[in-house]
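Only one structure is covered here, and it is reproduced in the block below.
Each value in this text was obtained by applying a stated rule to the coordinates, not by laboratory testing. Remember, it's a predicted structure, so these values are computed and weren't measured experimentally. Because the Cβ atoms are built from the backbone with ideal geometry, glycine has one as well, and the counts that use them run over all protein chains shown.
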Amino acid sequence: MLQKIYDWIDERVDVTPIWRDIADHEVPEHVNPAHHFSAFVYCFGGLTFFVVVIQILSGMFLTMYYVPDIENAWKSVYYLQTEVAHGQIVRGMHHWGASVVIVMLLLHTLRVFFQGAYKKPRELNWMVGVLLFFVMLGLGFTGYLLPWDNKAYFATQVGLEIAQQVPFIGDELKVLLAGDENIVGAQTLTRFFAIHVFFLPAILFALLAVHFILIRRQGISGPL
Amino acid sequence: MSDKKHQVTRRQFLNYTLTGVGGFMAAGLLVSPIRMAIDPVLKESSSGDLVNVGISVDEITDVPQRVDWTVEQVDGWYKSEPSRSAWVYKDENGEIVALSPICTHLGCVVSWEGSEEHPNRFYCPCHDGLYEKDGTNVPGTPPLTPLAVYEQEVRDGILFLGNPIDRKGA
């Protein structure tokens with residue numbers, strides 16, 4: 001049955017070559033932990049992506065209950081945590097995953113750095129990777145405010161003051177992020193929510209696509 | 001490789017194993033989010049308590065009168081006091097009848113003698129729906145079922161109402 005559906009589609013749009021280009025290729029020996037156990041260091045990039053997928057999934061489901069409004073944000077999170085079955089687990093996935101992403105990202109970066117895998121011709125992919133790192137930090141920063149508890153509020157207060165230290169445009173940048181000159185409040189929360197669930201993920205997907213296409217083009221860097 | 005005929009090739013076996021493991025991981029990932037998403041369907045519906053609607057039995061006559069009151073409603077993390085209303089009267093046996101004013105056609109609000117052309121009937125202004133005094137829909141007008149009847153109880157001479165109960169079509 002499934003084979004028939006697949007054949008029906010394949011006959012019309014010829015998907016097999018697409019699949020071959022994406023996934024059907026050999027893993028080089030020096031990257032395969034089955035050959036050299038130390039090759040597990042090559043897994044960190046994939047693990048980062050895996051955790052990102054968890055973040056996207058759990059985040060999508062969290063928005064079913066969360067409201068980005070100063071009156072209701074904390075209450076909706078509290079309701080999700082205490083009244084909804086498995087709500088605690090899903091928020092836990094998103095909460096802990098956010099930290100794990102940063103850890104994996106760092107390990108991946110260290111591997112690429114110490115193996116010198118960023119060298120020509122892969123400098124461009126290193127730069128894309130650094131941008132991805134910044135996007136991740138941005139996601140962490142904006143997501144931190146959303147529960148609207150004391151920790152979130154004062155962390156954002158501090159974060160905004162850090163943004164204010166940027167030379168020349170600092171003041172404007174802070175207002176742009178906070179939505180108001182003096183208040184960290186209703187407008188800040190909706191802004192951070194929009195940045196967290198729409199703007200940064202869109203940038204993230206685009207950069208990830210470039211990151212992966214470049215890997216397929218250039219291949220994995222050779223053994224040390 | 002032995003001479004025996006292999007039903008499953010090595011490649012097939014690996015494919016099945018990888019698909020199985022991958023599927024297991026995906027399922028493990030999705031169990032909690034999906035359980036969370038379908039939680040409203042699985043939650044037990046709490047039947048509301050009867051509420052004092054602020055009218056004593058003595059005040060109720062054989063002419064339907066509109067009674068308004070508020071109920072406490074908990075909607076997830078949001079508590080509110082939405083208003084409810086009913087048309088209340090005593091029928092020929094002296095029994096109290098409390099009808100929901102929500103038209104069973106498309107949910108507008110009906111009024112007793114809401115149109116001068118239709119005395120002694122409930123009238124819905126949206127599509128000229130009509131109901132008899134006991135709430136039965138008048139054939140030939142849009143509504144197909146009678147007006148819902150509130151759960152009711154009299155405590156110390158005061159009327160208490162609960163949820164409206166739908167009735168089958170005439």
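With 21 Å as the limit on Cα-Cα distance, the pairs of A:K75/A:K174; B:K90/B:K133; A:K151/B:K79; B:K43/B:K79; A:K75/A:K151; B:K133/B:K168 that go past it are A:K75/A:K174; A:K151/B:K79. Each Lys and Arg Cβ is given +1 and each Asp and Glu Cβ -1; about its Cα centre, the protein assembly as shown then shows a dipole of about 3020 debye. A convex hull fitted to the Cα coordinates of the protein assembly as shown yields 294 cubic angstrom per residue. Once you order the gyration tensor axes a ≥ b ≥ c over the Cα atoms, which shape class does segment A:1-47 get: rounded for a/c under 1.5, otherwise prolate or oblate by comparing a/b with b/c? Prolate. For chain A, dividing the convex hull volume of the Cα atoms by the residue count gives 187 Å³ per residue. Structural descriptor for chain B: relative contact order 17 percent, calculated from alpha carbon pairs under 8 angstrom and at least 6 residues apart.
By other beta-carbon atoms within 10 Å, ranking A:K174, B:K133, A:K119 with the fewest at the front produces A:K119, B:K133, A:K174.
Placing a pseudo-label 7 Å from each Cα along the Cα-to-Cβ vector at A:W8 and A:I70 gives an inter-label distance of 5.5 nm.
Measuring r between the beta carbons of A:E181 and A:Y78 and using R0 = 35 Å, the FRET efficiency lands at 0.70. Straight-line cross-link partners of A:K4 among the aspartates and glutamates, defined as a Cα under 20 Å from its Cα and at least 8 positions apart when in the same chain: A:D14. FRET efficiency for the B:L18 to A:K151 pair, using the beta carbon distance and R₀ = 51 Å, is estimated at 0.75. In a simple Cβ point-charge model (Lys, Arg +1; Asp, Glu -1; nothing else charged), chain B has a dipole of about 1980 debye relative to its Cα centre. Taking other residues whose beta carbon is less than 15 angstrom from the beta carbon of A:G222, and scoring Lys, Arg as +1 and Asp, Glu as -1, yields +2. Charged neighbours of B:S56, selected by a Cβ distance under 15 Å, balance to -2 (K, R count +1; D, E count -1). Partner shielding of B:27-36 amounts to 6, given as the average count of beta-carbon atoms from other chains within 10 Å of each residue beta-carbon. Ranking A:V100, A:I220, A:T188 by Cα position along the charge dipole of the protein assembly as shown, where only Lys, Arg, Asp and Glu carry charges on their C-beta atoms, puts A:I220 farthest toward the positive end. Put simply, when A:93-99, A:11-17 are sorted by average Cβ atoms within 10 angstrom per residue, most first, you get A:93-99, A:11-17. Looking at chain B, the pairs of alpha carbons with a distance over 30 Å make up 44% of the total.
With contributions of -39500 (n - 2.57) from each DSSP H run of at least four residues, the per-residue ellipticity at 222 nm computed over chain B stands at -6000 deg cm²/dmol.
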